[in-house]
Ligand SMILES: [Zn+2]
């Protein structure tokens, strides 16, 4: 999996039949700015929106992170996932997800523990981009109001076996 910056990838990996690119790109850039602002608040600059594109794959998702050791904030948009083959398929709907998570602290590292999540489905590219913007705003709001140490305290999986 290669992380490709928004400006260097192809928006049609996420929105295959997109004709009017600029309005969608404009909203996505606003979303990226919100996540960047959160990353700046946390003291570790992020990479903005990046494509998670597999070489040769027709579709990809787009995500932005703001991450420090204590907690990670993530927004993701992608075409729907085929429930049987675990690959992305032709949208609509687009799936938008927001996730606030902490690193697993168990002896056997399972990855990340989700603390708060949101998700929504969208019928058009512009609506999906608006969904990303809404989630980016939610992440910013949560990340700038909750103390950084509070996320781990709410981790019900902490030190699980
Ligand atoms: Zn774990």
Qualifying positions in segment 144-161 - part of a helix (DSSP H, G or I) and either in contact (Cβ under 8 Å) with a residue 40 or more places away in the chain or surrounded by 15 or more Cβ atoms within 10 Å (Cβ to Cβ) (or both): 144, 151, 152
Elements of type strands (runs of 3 or more DSSP E) contained in segment 10-81, each with 2 or more residues being touching a strand residue (DSSP E or B) at 6+ places or on another chain (Cβ under 8 Å) and farther than 21 Å from residue 142 by Cβ: 49-53
Top-ranked residue in segment 120-143 [being without any contact (Cβ under 8 Å) to a residue 40 or more places away in the chain and in a helix (DSSP H, G or I); ranked as nearest to the chain's Cα centre (by Cα)]: 134
Of all residues in segment 98-118 being near the ligand (Cβ under 8 Å from one of its atoms) and out of contact with any strand residue (DSSP E or B) (no Cβ under 7 Å at 6 or more places or on another chain), the one that is farthest from residue 161 (Cα to Cα): 111
Test: residue in segment 84-95 that is in contact with a helix residue (DSSP H, G or I) (Cβ under 9 Å, 6 or more places away or on another chain), in a strand (DSSP E or B), crowded, with 16+ Cβ neighbours inside 10 Å and modelled with pLDDT of 95 or more: yes
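The values are calculated or read from the model by the stated rules, or taken from the named source; none is laboratory data. Since the model is a prediction, treat every value here as computed from it, not as a measurement. No Cβ is skipped: glycine too gets one built from the backbone with ideal geometry, and neighbour counts run over all protein chains shown.
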